[in-house]
Each structure stands twice: as structure tokens, then as C-alpha cells.
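What follows is one structure encoded as C-alpha cells, with my remarks underneath.
The values are calculated or read from the model by the stated rules, or taken from the named source; none is laboratory data. Bear in mind that the values here come from a model prediction, so they are computed numbers and not experimental data. Every residue, glycine as well, gets a Cβ built from its backbone with ideal geometry; the counts of neighbours run over all protein chains shown. Note: accessible area is taken over every heavy atom of the protein model, side chains too, but ligands, DNA and RNA are not part of it. Shrake-Rupley method; radii C 1.70, N 1.55, O 1.52, S 1.80 Å.
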Amino acid sequence: MTPDASPARYVVAVRALCEFTAKQGDLDLRFTPSPTAQEGITGHAVVASRRSASYESEVSLSGSFGPLLVRGRADGYDPQLNRLEEVKTYRGDLSRMPDNHRHLHWAQVRIYGHLLCQSRQLDELQLALVYYDIGSQKETLLTEHLTAKLLKQFFEDHCQRFLAWAEQEMTHRAGRDVQLTALPFPHADFRPGQRVMAEAIYKSTVSGRCLLAQAPTGIGKTIGSLFPMLKASPGQALDKIFFLAAKTSGRALALEAVTRIRQSAPALPLRVLELVARDKACEHPDKACHGESCPLAQGFYDRLPQARSAAIEAGAMDKESLRQVAAAHRVCPYYLSQEMANWSDVIVGDYNYYFDVSAMLYGMANANQWRVGVLVDEAHNMIDRARKMYSAEMEYIHLKTLRKTAPPALKRGLDRVSRQWGALGKEQDGEYQHYAEIPEAFVEALLRAVADITDYMVEHPAAMDSNLQQFYFDALHFTRMAELFGSHSLFDITRQGGHGSTLCIRNIVPAPFLTPRFAAARSTVLFSATLSPWHFYSDTLGMPADTAWIDVPSPFTADQLTVQLVTGISTRFLHRERSLSPIVDLIARQYQQQSGNYLMFFSSYDYLQKVAALFAERYPEIPLWLQARRMDEREREDFLARFTDTSQGVGFAVLGGSFAEGIDLPGARLIGAFIATLGLPQINPVNEQIMRRMGETFGNGYDYTYLYPGMQKVVQAAGRVIRTQQDRGVVYLIDDRFARPEIKQLLPAWWQVA
Ligand code: SF4
């Protein structure tokens, strides 16, 4: 729903209008529509194929009511029968569909009915809700016959109920845009480099291009990205800005930046929403999301209007504020936050809200035709994160366990999956092998099992145990990814000793999935301190050909950081043992020369432990702090707390781990770092396959698989040393390969390498 360019117009999709005016009663997620998007599309196509030759599908309709422009696409119209149809695909027992779902469906078809009567000058019309059962492929038709006059009344009644809200939205939007046009920069001045970044983002938003911005630490990237995009919003008629972060800390920084902006412009009516995962927002983790189980789902839609109004009144809708509003109105905070995405100007959340397979914000932006600007923080994480979003994995051991406890109604389906699974990789010799295709019979068996479980869930909403639920979600995701399988992904089987095998649809190149996401936004800006070389990111992520690139000059100077190449040591796997002794002596020498706090980074825990053992034996007087595997938040905080302005010691950590990026140890808290290895991913059968596929796709397999990701980790880790213009420090890059020109050119331009 959005005010369009003309100030007196408010455009609203039929679906969104009805969701606002016709949703009532409980929140209830038990009655699911078709399990996969493809099944939904196929279901609609099957219904259309059963109609007469004159049947019209996807009929575009629109109509006005005062300042409202209501538009949408009706599923189908049969002129011979003078019947307008709204098709809904589903699984299970239709009689279990909650009444309020059907109420909403009737509202939609009646609104379309009015729009059709108006555009075709019809006096009356038959309306039909067509419920198509994916399992049995049967249709259930519910029909009613209404006059154009009654439909008009229905339409006007719903528009009238929405009008007051739309008018306050228009007022909000107009006031917001006036204030944004005059928005002052929230600090006395830009920091060095910050203005360059802000200008590039402003220009890319105005020109509707994507931007990759490599910008060093310490220049204020969060405000430097939000401010110019907000400033450009009124001119570009942006509805919303999505600020997407890889970690909670990134979200917190964005919320702080928006607070700062609001403080510097008190008249700015900016609504800011924080999206958090369900398990972090849920007030009743032991309950299910329907009115019979959870009190906050019961009557959710009846209390939503008051909660919605209270939330926009608050303006700042971070997790805690929204929780309070939700508690005051006895609604679920998680689903309230989803609702508020409709009415917010800036939305702060994880990457997955826009880039995931079924990303909520992407879906909403498409359905409502929002014009959005997207900011992606710490974007060097995007390739790994996107690959995970579009990969799917299943382990046989889970199926085996489930078969023992599964309800009898599901046993046959699970046995079928088990049999097909057993046939997979029969000829496989080694532990790991990749395959050109995912066997159809296996996917078919899995789809049937998913359908069985879906039906079972509808019949037994309270009976899902955690094993069944986990298998269901894994299988559902696997079948979705199998539908989308192509040269962007690998299918591989890894044998797990006596525990059967693991099947993986492994995404290598997320580009085909992400390209539509970039296309749907007015502008997307990816920023990070390490985005070199830019073509690696733009190719792999599928950014548009006209994507701009900027390397923001560092505010730091070469004299702040001494960079030493240690070329007399090889850290190659074969030479590891030989490297231990010279590495421990090197660290001790530097420490004895200038005592203080240091971090030593390794490519693996194994390497870390070997060096640590020798170091402790040879230099017991130097304090040593070790990163352990799987540290929890408290342990990580304790590790970092050792680095104080007055402490002295050496922390051992792994490249790419929690202490190699996103941590801030300014001044004496960290005066140097040692980095052993180029951070190259391990050579193993999976990475070798990835290299092959990257080579076939981009012609540069080794660099795209090993070198660029490795060096990105090295530069991130080294970036811990200089955090402010007052910092001084030293970085040792330990390996003979660091002297190679092609490696040196991947180091930051402001470093002076000795
Ligand atoms: S509080 Fe938790 S269980 Fe209840 S509706 Fe919200 S998310 Fe579902």
C-alpha cells in the first residue's frame, strides 16, 4: 500500500485492502495452502486448463474511491458463465479451514467483483471461490450471485473503513518527505571518507543503480549509508528503506544511527522497525501459533487495529518497544512486527528478510509494488550467507530415527523415501561424490512424504514432535531447492560411516536467485571494509551490469601501521610442522620488543593448538589466551575482556571466526596482529568441485574459490589493529606467498608493505 506520486492518490492492492479490513478473529497458521510455490502455480494452471476457451486468467482490474486507487489481478473470469473466480490451493480437509480465512477470501472476490462489474458494465455477476486440493486434484466450488449494486456497496464499505487509515498514511508520508528533503547531517561534520561514501550512495539511489562500496573501518558507515538514502527518498518516491545486517550488532548500530538522525531532526516523523527472528520475539515458546494454544494468537486480528495505532504512535519500533506495545494490547509481538512492516519507513533486519528463498520483505515489496532502497551492511558476508539460503541438506540418520517414532499414517511414505534413498549413490566408491542430477524418483518420494505430513498436520495440529517437524522443514526446503536445481548448484552425497549418507543441494553461485532481488529495488548498496575485487562479489551475487563500484580512501595513514611480510616461513599444510618453531619465536620477539596486546590468527584450530602448545612451553612468561571451539556469547565476551588498556598478552584466534571481524579493540587494547596462512579454504573434494563450477561459470575457478575468500579473511583480521586515527600498530603476514604481486594487490591500498 503506498501513496503514489500524485499527493492525493493512495494506491492499495486488493489483497492488502482486504487484509486490513476483513481479517478478524484468531491468528491461525494451521491450515496451510500448497506446500511449495510451484505446487501453488501448478494448481492455478490446472484450474485454468479445465475452463472453456473463452476463460480469461489473471484479469487486471482497478477502481477508485476518493483518494484510493484499488488494484489487483483476479484469478479468472468466464464470460460465458459470467463467473469471476478466486482460486485457492490447499491440502487436507477443507472443513478445517478457519472461518476467518474464508471470510477474507470472500472479501477479495467481492472487491474484484465490483471492479469487474464497473469495468465491463455488468449488472450482476456470479462469484466463485475455487478451492483446489493439491492432493486429490479436486475442486470445491462455493458460489454466490450478487448484483453490481450490492458489490458496489461492499466495495465502498471496505474502502470507507480503510480511508481514515489511508489519510493518516498520506499525511505521514507528506510530512516525512518534507522533513527528509531538509534533513541536516546529524553530526557537526562528516568524518574523513564518510562524505565520499554518502555522495556515492546518494547518486546511486538517484540514478537507480546498485553500488558496491568498499569503505574502511571507522568512517561511520552506518550513518554514512542511511543518511544519503533517506535524503534521496523523497525525490525517488521511495516507500521504504531496508537496512540489512549479518549480525545483531549491525542491527543495533543501525537503530542507534536512526535514533541519532531523529534527534537531529525532531520534527521528522520517521517510523523505524526492527525485525527479529521468531524464537527471539516469541512470548510463549512452548505453544503453537493458533488461538487454541497461544493466548496472544487468540483474537489477534480483533485487537490488531489498536495495537497497530499504538505502534505507529511510538515511531521507534525496536524489539523492546514493540514488545511493550504488544503486551499492552495482548497480541503476539512477532506477528505484530510483521504487520508493522507495512507501515514503517526504515526496516532493520537480517539479510534473510530480503534475500532468502521466501523472504518476507521481498514478497511484500513485490505484492505491494513498493519502491525500496536496500542497504546491506558487512556485505562481504553475503556470498556465504546467500549460499546457505539456497542450499539444502538432509541426513539419513534423521530419517532413520523418525521412522521408529513416526505416526502409523506416515510410515509408508517415509519407507518409500528410505527405499529411494538407499538406491542413491549405490555405485559410489568414495566417501564423497557429486552428481549431475537429483534422481527424480527420490524427489517424487520426498514430495509425497511432505504431502502426507502436511495432511497429517492439518488433521493433528497438536501432534507434531520435534523430529517430525525438523524432518518436515528439511524435506520441504530440499524439495523446493530440487525444483530450482541448475548449474548454480551441486548435488552431492557424503557417506557417514554406518549412519547412511548426507544429501546436499549445495548452492555455489547464488547469482540467479539474487538477481531478481536487486532488480526489484530502486537501488541496492552493498558496503563493507573488504569487497575486493569487486567483480568477485558482483559476479557471484548476480548484481546488474551497471553496478557502480567505489573504494573509499582510508582515513588512516601508512605511518600508523607497520606491515611486515615474513617470507621465510611457509604455512602450507605440508610445511606446518616446520613452521611452528619460527612462528612462536617471531611472536615472542615482537612481544619482547614492544609488550602489549596482540592477536595471532590461524587458518584452523588444529594449527592454533599446535603453535599454542609450543609457545606455552617455550615462553611460559607471556600470557596466552586461546579461542576455543564453539564459545558461547559469555565466553566470547570474557575472551575480549582480557584486552584492556593496561593488559599484556597474546590472543590466539582463527581466521574467519568471531574475533577476526566485527570486534573493536582500539588504542592499547590491540597493538598488533600476526596472520599465518593466506586464509585459503581447505582443499577437499567439495571445494575442488566448487572450483570447477566457478571456473566453468566465471573462468577463474581458483581465485573465486580459494584466493579471494581467503584474502578477504586476512584483510578483515588485520583490520582489527587500526580502529581510529590515533591508533598505531603492526601486522605480520606470515607466508612466502604474501610477496607475490597478485597477492599484494589484494591488500588495502593505504598499507605500506615492508
Ligand atoms: S507468542 Fe509465540 S506461540 Fe504465540 S503466536 Fe506469537 S510466536 Fe506464536
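Annotations
- Converting phi to 3J(HN,Hα) with the Karplus coefficients 6.51, -1.76 and 1.60 and the offset θ = phi - 60°, the stretch 370-387 yields 6, 9, 10, x, 10, 10, 10, 7, 6, 6, 5, 7, 4, 5, 4, 5, 5, 4 Hz in sequence order, with x at every glycine or proline.
- Which listed pairs, of Lys88/Lys152; Lys247/Lys280; Lys388/Lys426, have C-alpha distances above 21 Å, in listed order: Lys88/Lys152; Lys388/Lys426
- Cα convex hull, the stretch 24-97: 155 Å³ per residue, rounded to a whole number.
- Dimensions of the stretch 334-409 from C-alpha coordinates, computed as largest minus smallest value along each principal axis and given longest first, are 50, 31, 20 Å.
- Once both labels are positioned 7 Å from their Cα atoms along Cα-to-Cβ, the gap between Asp465 and Leu69 label points is 5.6 nm.
- 3J(HN,Hα) from dihedral phi, the stretch 343-351, Karplus parametrisation 6.51/-1.76/1.60, rounded to Hz, x for glycine, proline: 10, 10, 9, 10, 10, 10, x, 6, 3
- Taking 0.36 nm per residue of sequence separation and removing the Cα-Cα distance, the Arg96/Glu144 pair yields an extension gain of 15.2 nm.
- Taking one quarter of the surface of the convex hull spanned by the alpha-carbon atoms of the stretch 92-215 gives a direction-averaged projected area of 14.8 nm².
- Three-way shape label, the stretch 484-569, alpha-carbon gyration tensor, a/c 1.5: oblate
- Accessible area of the chain belonging to carbon and sulfur atoms, whole % at 1.4 Å probe: 50
- With helices as the sole contributors, the chain gives -14000 deg cm²/dmol at 222 nm; each DSSP H run of n ≥ 4 counts as -39500 (n - 2.57), and the sum is divided by every residue.
- Gyration tensor (Cα) of the chain, equivalent ellipsoid semi-axes in angstrom: 50, 34, 23
- Two-site FRET efficiency, Ala616 against Asp664, from Cβ-Cβ distance with R₀ of 35 Å, rounded to 0.05: 0.80
- In Å², nearest 10: area of Leu81 left accessible to a 1.4 Å probe: 90
- Less than 5 angstrom separates the built amide H of Tyr10 from those of Asp4, Leu68, Leu69, all sequence-distant by 5 or more or on a different chain.
- Summarising the amide proton neighbourhood of Met317: residues at separation of 5 or more, or on other chains, whose placed amide H is nearer than 5 Å comprise Val272, Leu273, Glu274.
- Karplus-based coupling profile of the stretch 725-731, in residue order and whole Hz: 5, 8, 5, 9, x, 9, 10, with θ = phi - 60° in 6.51 cos²θ - 1.76 cosθ + 1.60 and x standing for Gly or Pro.
- Accessible surface area normalised per residue over the stretch 597-729 is 43 Å², counting heavy atoms of protein chains with a 1.4 Å rolling probe.
- Database remark: amide H of Leu599 closer than 5 angstrom to the amide H of Gly651, Gly672, Ala673, Phe674 (H placed geometrically; neighbours at sequence offset of 5 or more, or on other chains; Pro and chain starts carry no H).
- Gyration tensor (alpha-carbon) shape descriptor, the stretch 248-323, a/c threshold 1.5: oblate
- Between Thr557 and His187, the distance separating the two model label sites (each 7 Å from Cα on the Cα→Cβ line) works out to 2.0 nm.
- Accessible area of Met394 in the full protein assembly, 1.4 Å probe (Å², nearest 10): 10
- Using every pair of distinct Cα positions in the stretch 314-363, the Kirkwood expression returns a hydrodynamic radius of 11.6 angstrom.
- Semi-axis lengths (Å, descending) of the ellipsoid that matches the C-alpha gyration tensor of the stretch 89-162: 26, 15, 9
- Placing a label point 7 Å from the Cα of His499 along the Cα-to-Cβ direction, no residue of the stretch 626-644 has a backbone N closer than 12 Å.
- Cα gyration tensor category, rounded, prolate or oblate, for the stretch 556-667 with a/c compared to 1.5: rounded
- The stretch 365-463: translational diffusion in µm²/s, Stokes-Einstein, Kirkwood Rh over Cα pairs, 25 °C, 0.890 mPa s: 143
- When both bridge partners sit in the chain, DSSP labels roughly 40% of those beta bridges antiparallel.
- Reported value for the stretch 29-173: 131 Å³ per residue, from the convex hull of its C-alpha atoms.
- Per residue, the convex hull spanned by the Cα atoms of the stretch 519-612 measures out at 188 cubic angstrom.
- Centre separation in Å (Cα based) which lies between the stretch 158-185 and the stretch 596-660: 53
- Fraction of alpha-carbon pairs over 22 Å apart in the stretch 280-369 - percent: 31
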